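Taking it in order: structure first as structure tokens, then the write-up.
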Amino acid sequence: MSELIQNIRFLQEGPFAIPRWEALFSNIDVIWQGLLVTLLVASLGLVLALALGTVIGVMSTSHWRIARAVARVYVEFFQNTPLLIQVFMLYNAIPLMYPGLFIPVVVIGIFGVGMYHGAYIGEVVRAGIQSIGRGQLEAALSQGFSYVGTMRYIIIPQAMRIVLPPLTNQAVNLIKNTSVIAIIAGGDLMYAGDSFAGRYGHYGPTYVVVGLLYFLLCFPLARLTRRLEDQTRAA
């Protein structure tokens, strides 16, 4: 009997009590708004990361020493400093250098995750380019192609098949890393959940739902990564 009373009390007053779930779902619009911000930051951040990563990857394999040096400095800086510090620098340092300049936190989030993952994608692209026989590069250059033209029309299209699995994996990591902007009140999924939980004290249900939404965003991409890896090994 006492055990039954404890179970009833847990369902009514515990961290996962039914009233807490009801309160969360009655205010679920807050979570949906945060999810939309996360999708926006992740989508545009990924576009920026792919653009930067491709440029950095091509520069890393260039025969121009300055281009290789610039790419190396970029990669080493972003790979060896925490994303959180980079976001803080964008959020705090730029207004100090340019008083009166206002940058929306969503834009800071896009640039933060985009530049950070651009360094990792740059390394992925570099490895993909170097996996293509150098003879193809030399043959194209001997036929009058420029270095950029050779990369665009010959090398990178072949390298894409090799780099797709790690690129998809980077997309998964990028989505998870968007949660960093919660620390600067970015309005993302993590911030929305944390704000709601902190305001009403419904931590259990809130973090379960937020974690589940991140899982639903990342799991299909993780499965796609494994499928692409299997296809690459079978080819």
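The values are calculated or read from the model by the stated rules, or taken from the named source; none is laboratory data. From a predicted model like this one, the values you see are computed outputs, not experimental measurements.
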Qualifying positions in the range 16-56 - of a type in the set (A, V, I, L, M, F, W, C) and under 30 Å from Tyr147 (Cα atoms): Leu44, Leu46, Val47, Leu48, Ala49, Leu50, Ala51, Leu52, Val55, Ile56
Mind checking whether some residue in the range 198-220 is within 17 Å of the chain's Cα centre (by Cα), modelled with pLDDT of 85 or more and not in a helix (DSSP H, G or I)? no
